[in-house]
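The values are calculated or read from the model by the stated rules, or taken from the named source; none is laboratory data. These figures come from a predicted structure and were not determined experimentally. Cβ: placed from backbone, ideal geometry, glycine included. Neighbour counts: every protein chain shown.
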Amino acid sequence: MTDGDADGPEPETIASSYGVASDPSYAAVVPPLYLSSTYAFAGYEQQGPYDYGRAGNPTRDMLAKALAALEGGAGAVITSSGMAAIDLLVGRLRPNDLVLAPHDCYGGTMRLLKARAGLGQLRVCFVDQGDMREVGRALEDRPALMIVETPSNPMMRVVDIAALAALAHEAEAKVAVDNTFLSPACQRPLELGADLAIHSTTKYLNGHSDIVGGAVIAADPGQAEELAYWSNAVGSCGAPFDAWLTLRGLRTLYPRMRQQQANAMSIARYLADHPAVSKVYYPGLESHDTHGIARRQQKGFGAMLSFELEGGVDKVRRFIEAVKFFTLAESLGGVESLVSHPATMTHADMGEEARGRAGIKETLLRLSVGLEAESDLIAGLQCGLAAC
């Protein structure tokens, strides 16, 4: 199988079989891994499809084509990390260009944008993208790029991609949506009007917590070519072995997401009824503020959720020491369940003021729900909550 299009196979088929039995040399069923950094020319001025690994690699290109097909894009670029994917977009901007970003975006994204702005390489404005009046006022300054993160990390706020894209395009701004939390299995931003979809492929696309990578998928062929040019120019490309592992992980994306979000829904309901928990943030719950938007634009609610404990930060320490089956670690999206404390881990660099505006309290914990048995995961949470 090679390419997917409007009349082609379903996304599940693309994910599970892209590149299968396409090896031209030995008819290997599994696509081979090409590690070579350089490629032979047939003769003087007879360059083949590949010449140097930074500019192109067959394994990396296969993953790029698979992700473009899954997101419904014209092309994709594979980068060395999710942050490299975002920097590939903002690094091309001019000094006076404005970036609109969510006020509650991932801490690494906020750190990067502030650092670039601090060097005078761009301007940045953090806005509540759930408040269309605030967005409208910010768009009066004619930004070059709007970065959207939905659901947000770690507060799980869902914003209306189609509405934001329409407003941004009126102001002639490009729209890039970080789709890491949901993957194309649950959400396809380009279908909703976004120009670009961003991924940390480290997370759900790979799914096994054994690579670091990123990707940008463009709706427009010209934009895809421009991104490929800049990736080669700045050397942000991903490693072939990481691309091969991500392609392998992609084979099980859809069944993994189905099971993980089923586990997450059960856990969210359990936590919502527990007396030691003051608030649960999961768009799948009807009580969630943006449940309606999530139902409209997503194909599932994902496997990420956050919750606040009753009491102070001492309860967080007790919970972390007693919980079972959830490993205290950063990152997300693997087959194993993880728990993190955003205020001291993933969002520590934001600073107390920015965390306060985003609603990230010291008692907030974030869960990445894996593939373990639902009963074991709930029992493991019971151990942690009992200690609170």
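Observations, loosely collected:
- Residue match in region 111-130 (condition: surrounded by fewer than 24 Cβ atoms within 10 Å (Cβ to Cβ), out of contact with any Pro (no Cβ under 8 Å at 6 or more places or on another chain), of a type in the set (Asp, Glu) and modelled with pLDDT of 95 or more): no
- Residue within region 341-358 that is within 28 Å of Leu112 (Cβ to Cβ), modelled with pLDDT of 95 or more, in a helix (DSSP H, G or I) and touching an Asp or Glu at 6+ places or on another chain (Cβ under 8 Å) present: no
- Screening Leu93, Leu67, Leu100, Leu88 for residues that are touching a Cys at 6+ places or on another chain (Cβ under 6 Å) and either under 20 Å from Ala219 (Cα atoms) or surrounded by 15 or more Cβ atoms within 10 Å (Cβ to Cβ) (or both) leaves exactly one candidate, Leu100.
- Of all residues in region 278-287 being in contact with a strand residue (DSSP E or B) (Cβ under 7 Å, 6 or more places away or on another chain) and either under 11 Å from Ser306 (Cβ atoms) or free of Cβ contacts under 8 Å to residues at least 60 places away in the same chain (or both), the one that is surrounded by the most Cβ atoms within 10 Å (Cβ to Cβ): Tyr282
- When Ala194, Ala185 are checked against the criterion of being surrounded by 20 or more Cβ atoms within 10 Å (Cβ to Cβ), in a helix (DSSP H, G or I) and assigned by TED's automatic domain parsing to the domain that holds Val216, a single residue qualifies: Ala185.
Here's the yes/no breakdown for (1) under 17 Å from Ala64 (Cβ atoms); (2) of a type in the set (Ser, Thr, Tyr):
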{"site": "Ala171", "(1), (2)": "no, no"}
{"site": "Asp178", "(1), (2)": "no, no"}
{"site": "Ser200", "(1), (2)": "yes, yes"}
{"site": "Gly222", "(1), (2)": "yes, no"}
{"site": "Ala228", "(1), (2)": "yes, no"}
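- Qualifying residue in region 240-253 (condition: among the hydrophobic types (A, V, I, L, M, F, W, C) and touching a Phe, Trp or Tyr at 6+ places or on another chain (Cβ under 7 Å)): yes
- Here Ala262, Ala272, Ala215, Ala233 are screened, and the one residue that is surrounded by fewer than 22 Cβ atoms within 10 Å (Cβ to Cβ) and within 20 Å of the chain's Cα centre (by Cα) is Ala262.
- Scoring Glu372 on the criteria (1) in a helix (DSSP H, G or I); (2) modelled with pLDDT of 95 or more leaves a single failure, condition (1).
- Matching option when the condition is in contact with a helix residue (DSSP H, G or I) (Cβ under 8 Å, 6 or more places away or on another chain) and either at pLDDT below 95 or in the same structural domain as Leu205 (by TED's automatic domain parsing) (or both), among Ala15, Ala28, Ala42: Ala15
- Unique residue being out of contact with any Pro (no Cβ under 6 Å at 6 or more places or on another chain) and over 22 Å from Asp210 (Cβ atoms) when the list is Leu365, Leu377, Leu328: Leu365
- Matching residues, region 121-166, being among the hydrophobic types (A, V, I, L, M, F, W, C) and either assigned by TED's automatic domain parsing to the domain that holds Gly284 or within 21 Å of Lys279 (Cβ to Cβ) (or both): Met155, Met156, Val158, Val159
- Residues that are basic (Lys, Arg), closer than 13 Å to Pro154 by Cβ and surrounded by fewer than 21 Cβ atoms within 10 Å (Cβ to Cβ), drawn from region 356-388: Lys361
- Asn232 in contact with a Gly (Cβ under 6 Å, 6 or more places away or on another chain) and either assigned by TED's automatic domain parsing to the domain that holds Ala64 or part of a loop (DSSP other than H, G, I, E, B) (or both): no
- Of all residues in region 328-344, those satisfying the criterion of being out of contact with any Gly (no Cβ under 9 Å at 6 or more places or on another chain) and not small (Gly, Ala, Ser) are Leu328, Glu330, Leu332, His341, Thr344.
- Matching residues in region 204-222 - criterion: being touching a residue at least 40 places away in the same chain (Cβ under 8 Å), under 14 Å from Thr79 (Cα atoms) and in a loop (DSSP other than H, G, I, E, B): Leu205, Asn206, Val212, Gly213
- Residue count for region 88-114 under the criterion of being closer than 20 Å to Ala354 by Cβ and among the acidic types (Asp, Glu): the result is 1.
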